[in-house]
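Take a look at the structure set out below.
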Amino acid sequence: MTTDAIRERRFNFLIAGVLSLVIPGLGQLYKGQFLRAVLWFLMVGAGYWFFFVPGLVLHFFCILGAAFGSAGKDRIRLPG
């Protein structure tokens, strides 16, 4: 019989926030959230491309999401 254990990933919120400040989505990538990283990169880039202010607003929320958002959970199988 095997049991699933759920372990939350750990990350440094300051590193994640600074990475997303430098390049939008990089903090999410640091946390292992590949799809979110790509989406944030594209959305913030589009915001900056079309209008500067929406890009700034999206970038701000991207940084907050990287720093304070959940890192997701890992499932591991435990023997037993």
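Miscellaneous remarks
- Here the relative contact order of region 20-72, from alpha carbon pairs under 8 Å that lie six or more residues apart, stands at 39 percent.
- Hull volume in cubic angstrom per residue (convex hull over the Cα atoms of region 20-72): 53
Read-outs: derived from the displayed coordinates by stated rules, not from any lab. Only a predicted model underlies this, so the values are computations on that prediction, with no experimental measurement involved.
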